[in-house]
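Down below is the structure, laid out as C-alpha cells.
The values are calculated or read from the model by the stated rules, or taken from the named source; none is laboratory data. This is a predicted model, so every value here is computed, not measured. Note that we place each Cβ from the backbone using ideal geometry, even for glycine, and neighbour counts take in every protein chain shown.
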C-alpha cells in the first residue's frame, strides 16, 4: 500500500507551520480562533490568529488571551475596631 499523501503538501512552509501551531495550541487546551470571529468567552485560553492591532503596532501572528481572574469579587474584611 503506498504511503498516505501529506494533506499539507500544497501549502507554503509558513502555512504548514500555522497548521502545526494551531494543532499544538489546541492540544494544549487553547481555543484557536480567526480574528474575524473572536469570542474571548469561548474558553479560559483563547488564541486569536492574525490579529491586527491599532497603528503603529502592526499585527500579531497569534494573540493569546487567558482569563485568570475569577468571575466574582472577594469582599473586603471589616475595618479594625478602635
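Annotations
- Figure legend. Inter-residue proximity from the range 25-50: first residues at positive phi and modelled with pLDDT under 95, second residues surrounded by fewer than 18 Cβ atoms within 10 Å (Cβ to Cβ) and not in a loop (DSSP other than H, G, I, E, B), beta-carbon distance below 7 Å, spacing 6+ or different chains. Indicated pairs: 29/45; 50/35; 50/59; 50/61.
- Residues that are farther than 30 Å from residue 26 by Cβ and at pLDDT 70 or above were ranked within the range 53-82; the one that is farthest from the chain's Cα centre (by Cα) is 81.
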